[in-house]
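Asks: Below you will find the structure I want to go over with you.
The values are calculated or read from the model by the stated rules, or taken from the named source; none is laboratory data. In this text, all values refer to a predicted model and were calculated from it rather than measured experimentally. So basically every Cβ, Gly included, is an ideal-geometry build from the backbone, and we count neighbours across all protein chains shown.
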């Protein structure tokens with residue numbers, strides 16, 4: 001069994017070239033150790049953009065944001081901007097927002113409805129399905145232009161599940177269902193409880209945070225350990241009663257469920273007592289759920305469990321927790337979507353969408369919206385806590401002293417009987433489940449997936465890193 005203790009005399013692997021560094025990351029990760037460098041390194045960040053965001057399935061919008069033909073929103077995959085549009089035939093397209101003439105954006109409005117997009121530079125025109133439509137003096141200037149070759153560049157794969165629209169920029173990617181694996185099963189029990197579905201409430205909120213995108217992703221994926229300490233103030237002001245039960249300690253009812261593909265979530269055994277639904281919804285909302293839509297195993301899961309936080313690799317999260325809309329109100333369970341969009345190795349743009357049940361009353365959805373905003377909006381009580389502490393990783397990642405001293409981050413919680421945390425052999429639902437949330441197994445799986453992706457050569461360009469760095 002490996003020795004996971006770290007002392008002042010323990011050797012530190014200090015390497016300069018990226019290929020050897022990644023090999024060292026793989027060796028250390030088995031011992032639950034991670035270098036701060038991965039949170040603020042320009043070369044690694046470049047690899048993330050080309051080998052993670054340009055190859056994985058990424059969330060781009062909710063179908064309710066573009067309900068009718070011509071509706072569009074502007075969204076991002078990595079740092080690239082795309083037009084997510086429902087074309088005249090009702091098909092959802094994800095179009096790169098750059099004109100194929102000189103690269104100017106063809107759409108400069110965050111959302112709207114349009115049958116065409118026109119480039120302001122030379123007025124090249126494109127239909128909302130991406131096809132090239134025309135240009136000034138077309139009969140004189142472009143007599144022999146092959147219009148089929150000059151449309152807007154489109155994401156090769158677009159698919160949706162329960163209203164969530166995903167796109168993938170890799171032509172050779174697996175299907176969305178294959179990519180999601182067992183997480184597709186959990187989307188059914190979280191978002192597919194009736195045929196009326198869910199819709200976004202209002203506009204997505206966005207704000208910049210000096211942090212690395214991986215810190216947000218791994219936090220929402222599985223980090224219950226921080227909740228009772230970092231978020232203690234939420235209980236003190238009456239917004240999050242019983243916060244100790246939302247953590248990973250002995251009073252908690254949480255466990256981890258995760259996959260080797262880097263997806264995972266925190267599962268709880270129910271928020272609120274009867275007569276509330278096990279997932280925390282009042283009877284008037286729970287009575288609209290059509291559980292016959294689910295399999296027997298899924299119905300059993302809904303009867304006994306819910307998910308607090310949820311991550312689909314690389315950067316798409318879902319949160320479903322109770323909070324009080326104001327200190328004198330009872331808790332309301334809200335559902336919101338979260339994305340940590342990279343904007344450099346040390347900056348992210350947080351995106352938030354609150355979802356409401358189409359079968360619920362306007363009053364319930366309004367309370368859920370206020371509860372979500374109060375907890376995880378741009379000025380939310382929990383959000384202010386999280387975004388302050390996430391900023392430490394990229395600072396350490398660029399620190400001269402941290403690199404020279406061989407400083408490492410500890411991801412050993414729950415490793416080799418270090419804590420009251422083990423894999424649950426009786427878990428009969430998809431994924432690997434643990435007996436508590438007092439561990440970091442999902443985070444280690446997340447970083448193993450990250451390492452596999454950034455170490456794999458880009459499909460479009462051969463990887464000459466080893467030859468160049470060893471020359």
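Asks: With the structure loaded, tell me whether residue 224 is modelled with pLDDT of 85 or more, within 26 Å of residue 441 (Cβ to Cβ) and in a loop (DSSP other than H, G, I, E, B) or whether it fails that test.
Replies: Spelling it out, residue 224 is indeed modelled with pLDDT of 85 or more, within 26 Å of residue 441 (Cβ to Cβ) and in a loop (DSSP other than H, G, I, E, B).
Asks: In addition: I'm checking my understanding of the structure. Among residues of segment 365-409 that are touching a strand residue (DSSP E or B) at 6+ places or on another chain (Cβ under 7 Å) and outside any helix (DSSP H, G or I), which one is nearest to residue 437 (Cα to Cα)?
Replies: 409
Asks: Kindly evaluate residue 282 against the criterion of being at pLDDT below 95, surrounded by fewer than 23 Cβ atoms within 10 Å (Cβ to Cβ) and in contact with a strand residue (DSSP E or B) (Cβ under 9 Å, 6 or more places away or on another chain). Break it down stepwise before answering.
Replies: Working: at pLDDT below 95: yes; surrounded by fewer than 23 Cβ atoms within 10 Å (Cβ to Cβ): yes; in contact with a strand residue (DSSP E or B) (Cβ under 9 Å, 6 or more places away or on another chain): yes.
For residue 282, the condition - at pLDDT below 95, surrounded by fewer than 23 Cβ atoms within 10 Å (Cβ to Cβ) and in contact with a strand residue (DSSP E or B) (Cβ under 9 Å, 6 or more places away or on another chain) - is met.
Asks: Could I ask something else about it? Scan segment 422-448 residue by residue and report those that are assigned to a helix (DSSP H, G or I) and surrounded by fewer than 18 Cβ atoms within 10 Å (Cβ to Cβ). Step through it out loud before you land on a result.
Replies: So the first thing to find is which residues in segment 422-448 are assigned to a helix (DSSP H, G or I), and the list is 441-448.
Listed by number, the list holds a single entry, 448.
Asks: Residues to consider are 37, 75; find the one that is touching a helix residue (DSSP H, G or I) at 6+ places or on another chain (Cβ under 9 Å) and either in the same structural domain as residue 336 (by TED's automatic domain parsing) or modelled with pLDDT of 95 or more (or both).
Replies: Checking each option against the conditions leaves just 37.
Asks: Residue by residue through segment 346-364, note down the ones that are part of a loop (DSSP other than H, G, I, E, B) and within 30 Å of residue 212 (Cβ to Cβ).
Replies: Scanning segment 346-364 gives 346, 347.
Asks: Follow-up. For segment 338-352, what are the residues that are out of contact with any helix residue (DSSP H, G or I) (no Cβ under 8 Å at 6 or more places or on another chain) and buried (at least 21 other Cβ atoms within 10 Å of the Cβ)?
Replies: 339
Asks: When you look at residue 357, is it in contact (Cβ under 8 Å) with a residue 40 or more places away in the chain, in contact with a helix residue (DSSP H, G or I) (Cβ under 8 Å, 6 or more places away or on another chain) and farther than 30 Å from residue 39 by Cα, yes or no?
Replies: Numbers: in contact (Cβ under 8 Å) with a residue 40 or more places away in the chain: yes; in contact with a helix residue (DSSP H, G or I) (Cβ under 8 Å, 6 or more places away or on another chain): yes; farther than 30 Å from residue 39 by Cα: yes.
Answer is yes for this residue.
Asks: Let me ask something else. Do we find a residue being closer than 11 Å to residue 36 by Cα, assigned to a loop (DSSP other than H, G, I, E, B) and at pLDDT 95 or above anywhere in segment 411-421?
Replies: No, because not a single residue in segment 411-421 is closer than 11 Å to residue 36 by Cα, assigned to a loop (DSSP other than H, G, I, E, B) and at pLDDT 95 or above.
Asks: May I ask you to say which residue of 38, 77 is more than 30 Å from residue 196 (Cβ to Cβ) and surrounded by 22 or more Cβ atoms within 10 Å (Cβ to Cβ)?
Replies: On the way: 77 fails: more than 30 Å from residue 196 (Cβ to Cβ).
Result: 38 is the single residue among 38, 77 that is more than 30 Å from residue 196 (Cβ to Cβ) and surrounded by 22 or more Cβ atoms within 10 Å (Cβ to Cβ).
Asks: Also, I was wondering about something else. For segment 322-345, which residues satisfy the criterion of being assigned to a strand (DSSP E or B) and closer than 23 Å to residue 165 by Cα?
Replies: Passing the criteria: 334, 335, 336, 337, 338, 339, 340, 341, 342.
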